[in-house]
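Reading through the structure tokens given below for one structure.
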């Protein structure tokens, strides 16, 4: 959950998850107080043969989970930037211009995603429980993700207006994504005592549980044809891991030590494990060809600290590394025509900065 457990979040997004305390409120739909210049061209590493015409869309702050609209001309993303003390939802054009705040400016938000018509979007927010940013988790005993129980999923017009609450349930509701037909939303919820995947109608009705294995299921997306859902999962494998998982969950925490990529049908049947990398593999998104998945993982780094993007066939074969030039790359998404890839990265970063990048995809 960037930041949240970030939805598709990892490390909250690491950097983004450690800030607390909203300082200012702002009207939804207003332009950001941090101007964003037009996209900046960026050199690619010679090994990054899948990327061409790479450009950087943001230049400061902690920016994560940038996702295309259906036309491929606009992005919704979350960002911690002045004057906000934690993530808010913004939109911008794919050249990095016209950055606009669409969330309320209150609480913490995560997981923005457009409806197919581009007129509305969804995101999760804690603002119903208060205007302040929820406190960061205690990481004195190791790295953990916070599962804020105050997260609820909302929908809003693309300018932030006409806000509608879609979930109203005690416990975490976040990590939502809309189906290609605009009729369903897949999301993660703690409403039945475990972190499982659910689907609901676009108006919040008809909630159906998809997963029931003990462990964390999250970060789900529909394939562009709507026939599959790809997601990340971490399941306890020993009694000790089970006890730790449940103990942390009671504290509103998850330890993302081991994550793998899974795929299933939209009704929850046909579950198949795609990756068996052994590290933390997350933020999966399916290519429009419906045969490949791009995801982020640290499985090649012995320290577990560096994350790169990888491409894998639907059957788990043909793993191919995509990015090489940064210590963290994640939250990839293909445009609907498969010609572009957006992702977030520490490439060219200073301090705790994370930015949004867009590249032409070389298929």
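Read-outs throughout are calculated quantities, based only on the coordinates presented, and are distinct from any laboratory measurement. These numbers were taken from a predicted model, which means no experiment stands behind them. Here Cβ is always computed from backbone atoms with ideal geometry, including for glycine, and neighbour counts include all displayed protein chains.
Modelled this way, with points 7 Å down the Cα-to-C-beta line, the labels at residue 192 and residue 93 are 4.6 nm from one another.
With Cα atoms defining each centre, the range 267-285 and the range 54-92 are spaced 26 Å apart in the structure. Ordering of 50-56, 88-94 by packing is 88-94, 50-56, highest average first (other Cβ atoms within 10 Å, averaged per residue). Placing pseudo-labels 7 Å out from each Cα toward the beta carbon at residue 289 and residue 212 gives an inter-label distance of 3.7 nm.
Evaluate E = 1/(1 + (r/R0)^6) for residue 117 and residue 265, where r is the Cβ-Cβ distance and R0 equals 22 Å; express this FRET efficiency to the nearest 0.05. It comes out at approximately 0.30.
In this calculation the C-beta distance from residue 337 to residue 317 is compared with R0 = 30 Å, giving a FRET efficiency of 0.75. Subtracting the Cα-Cα distance of residue 205 and residue 131 from their residue separation scaled by 0.36 nm leaves 24.0 nm. Run the Debye formula on the Cα coordinates of the chain, all scatterers equal and no solvent, and tell me log10 I(q)/I(0) at q = 0.14 1/Å. So the normalised log intensities work out to -1.11. Relative contact order for the range 14-361: 15 percent, from Cα pairs under 8 Å spaced at least 6 residues apart, divided by residue count.
Each peptide in 159-171, 124-136 receives the mean, over its residues, of other Cβ atoms within 10 Å, and ordering these scores from highest gives 124-136, 159-171.
Take the Cβ atoms of residue 73 and residue 257, set R0 to 41 Å, and the FRET efficiency comes out at 0.60. By the count of other C-beta atoms within 10 Å, a proxy for reagent exposure, 175, 152 are ordered fewest to most as 152, 175.
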